[in-house]
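Step one of this worksheet: look at the structure below.
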Amino acid sequence: MTDHVVCALSELPPGKAKRVMIGTRAIAVFNVDGKLSAIADRCPHEGASLSQGQVGGVIVSDRPGEYRVRTDMKMVRCPWHGWEFDMDTGKSWCDPARMKTRSFGVKICPGATLEEGSYSLEVFSVSLQDEYVVVTV
Amino acid sequence: MTQELLAKAKGATDDRARTMIVDCDIHPAYTSQAEMLSYLPLRWRQHVQEFGLFSANPLMGALPYPRMNHGMRRDSYPAAGGPPASDLAFLQEQLLDAHGIEYGILQPLSPGHLMSNTALGVALCAGTNDWQIDKWTGPEPRLKGSLSVMQEDAQASVTEIQARANDRRFVQVAISPRTLEPAGRQRYWPIYEAAAHYDLPVAMHSAAFGSRANTGSGWASFYIEEHFAFSHAAQTALVSMIFEGVFDAFPHLKVVLVEGGFAWFPAMVWRLDREWERHRREVPHLKRRPSEYIRDHVWLTTQPVEEPPLSSQLDDILRWVGMDRLLFSTDYPHWDFDHPDYAFRLPLSPGDRALLLRENAVKLFRLDGASVERRGA
């Protein structure tokens, strides 16, 4: 497992998603209200880029005519067929056992701490004052 | 020539031997209503500006069933602006080049098909045809057009077909399957006669489209029901054409059922044959078994692909339908897009893959430049 600095936190403000490459692996990184998550950026169904998907609450209903949106549970919807994935586990809502994408550890690290770790820095010049998104693969 | 172009194209440069692809269902869009109006004569331009227009295009008017993201792939909006599939350069990049598509058949879903005012419908279809040449098939030879005709006015449809039949940038005639009367009725026969005469298949695009309600008991409540009901439209049109005697009258007619699914198809054929064996006396004008007409006259596009719980079951379905009558399609830029590499969730032999993704369409639409078969109908 290696930590990879993938972008500055300022490039991934709340409400945004970003496709990053670690080697040949495409990863979708999301910032939902300040909470980061990272999953493989490839829908396991037909291959769409999940970073292009819409993030939203899960809509639930007990009977016709009564609906509510669970804002505590946010999922990304595939930009093509609408498969919904939990951004923490990579599991889909409708078929979690079979339709799932890989999830990765992700954290925010201050630039000042990056000097000491064993990070993979490929394209970044790191400023000590800024914060960075670090994905573990 | 096309091979050379594609070899240069982005996404087709890797060394893997790829099956070249014909995509039989691409939905081009007008950039704006002004663009559509520019293809209408002044009389109808003023009419639309004053009275408005009902349209099957979600970004041009009201769809009967609003759907997620207006029914579009969320990644298909051109950076240059405008609705999905309204920008040739982006369509070339995201669809044709990215997937190695040798030919793409346009299904423009002209609002003309839906008009109760048939004269306006005729004008809109003619405008859609001019626009396909100007914006798409003229500048991009990989794209081929569908001759939109206002099916409720058969004579006007024939005039439009005759005027353009020699333009090989059009490879089929497009009508809506949810016609005012069942599609086999004689009021539509002049269209079939003209199409058969010029060897242009008649495409019926089932989805999101038609004058009539989408189920036998009216308009269903939800888009999810509408999406399933595409198959009803395709079945109703085809069964009517068989039993009204269309294929006896026009033995060279070819019909393509577009975007209606296909798993239902073998069960329908089995049932039609069985019922015909028992009730043949009701339709003594039929000369052959229903399955024989279907074998000679009918093709289906594959999108939205069937996804049975066990992928191996798809193999049975494909064989029951017939590997030689299925035409790959993506439905770009719509949300239920099928990817040529991942839509069929089973290993296909190279031969079957070539049939599905290319050969059947090349033969049906004479994309290899085979000569026009002029036939008396």
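Of the residues making up region B:159-183, just one is assigned to a loop (DSSP other than H, G, I, E, B), at pLDDT 95 or above and buried (at least 23 other Cβ atoms within 10 Å of the Cβ), namely B:183.
Considering region B:358-375, the residues that are acidic (Asp, Glu) and either loosely packed, with under 13 Cβ neighbours inside 10 Å or within 14 Å of chain A (Cβ to nearest Cβ) (or both) include one that is farthest from the chain's Cα centre (by Cα), namely B:373. Apart from one condition, residue A:89 fits all of (1) in a strand (DSSP E or B); (2) in contact (Cβ under 8 Å) with a residue 12 or more places away in the chain; (3) more than 14 Å from chain B (Cβ to nearest Cβ); the exception is (1).
Screening the candidates A:38, A:48 for the property of being within 22 Å of residue A:96 (Cβ to Cβ), surrounded by 13 or more Cβ atoms within 10 Å (Cβ to Cβ), within 14 Å of chain B (Cβ to nearest Cβ) and touching a Phe, Trp or Tyr at 6+ places or on another chain (Cβ under 8 Å) yields one hit, A:48.
Within region A:57-70, can one find any residue that is under 29 Å from residue B:340 (Cβ atoms) and surrounded by fewer than 21 Cβ atoms within 10 Å (Cβ to Cβ)? Among the residues of region A:57-70, not one is under 29 Å from residue B:340 (Cβ atoms) and surrounded by fewer than 21 Cβ atoms within 10 Å (Cβ to Cβ), which makes the answer no. If you go through region B:81-104 and keep only what is closer than 21 Å to residue B:37 by Cα and part of a loop (DSSP other than H, G, I, E, B), you end up with B:81, B:82, B:83, B:84, B:85, B:86, B:87. The criterion of at least 2 residues that are closer than 30 Å to residue B:280 by Cβ is met by the following helices (runs of 4 or more DSSP H) wholly inside region B:291-377: B:311-321. Here residue B:267 meets the list (1) without any contact (Cβ under 8 Å) to a residue 12 or more places away in the chain; (2) farther than 20 Å from residue B:206 by Cα almost entirely, failing just condition (2).
Contact annotation: residue pairs with Cβ atoms under 9 Å, 6 or more positions apart or on different chains, pairing a residue in region B:63-90 that is farther than 17 Å from residue B:26 by Cβ and within 12 Å of chain A (Cβ to nearest Cβ) with a partner that is among the aliphatic types (A, V, I, L, M) and assigned to a loop (DSSP other than H, G, I, E, B), are B:67/B:208; B:74/A:48. Checking B:98, B:89, B:62, B:156 one by one, the residue that is closer than 29 Å to residue B:212 by Cβ, surrounded by fewer than 24 Cβ atoms within 10 Å (Cβ to Cβ), of a type in the set (A, V, I, L, M, F, W, C) and at pLDDT 95 or above is B:156 and no other. Taking the numbered list (1) surrounded by fewer than 14 Cβ atoms within 10 Å (Cβ to Cβ); (2) modelled with pLDDT under 95; (3) within 23 Å of the chain's Cα centre (by Cα) in turn, residue B:319 passes all entries but (2). Residues in region B:330-357 that are surrounded by 15 or more Cβ atoms within 10 Å (Cβ to Cβ), away from chain A (no Cβ under 14 Å) and of a type in the set (Gly, Ala, Ser): B:354 alone. Taken over region B:250-288, the criterion of being surrounded by 17 or more Cβ atoms within 10 Å (Cβ to Cβ) and of a type in the set (D, E, K, R) is satisfied by B:254, B:259. For residue B:287, the conditions (1) more than 24 Å from residue B:345 (Cβ to Cβ); (2) part of a helix (DSSP H, G or I); (3) in contact with a helix residue (DSSP H, G or I) (Cβ under 7 Å, 6 or more places away or on another chain) all hold with the exception of (2). Here region A:93-115 is the region considered, the condition is being of a type in the set (Gly, Ala, Ser) and modelled with pLDDT of 95 or more, and the residue that is nearest to residue B:345 (Cα to Cα) is A:103.
The values are calculated or read from the model by the stated rules, or taken from the named source; none is laboratory data. Everything numeric in this text was worked out from a predicted model, so none of it was measured. Cβ atoms come from the backbone with ideal geometry, glycine included; neighbour counts cover every protein chain shown.
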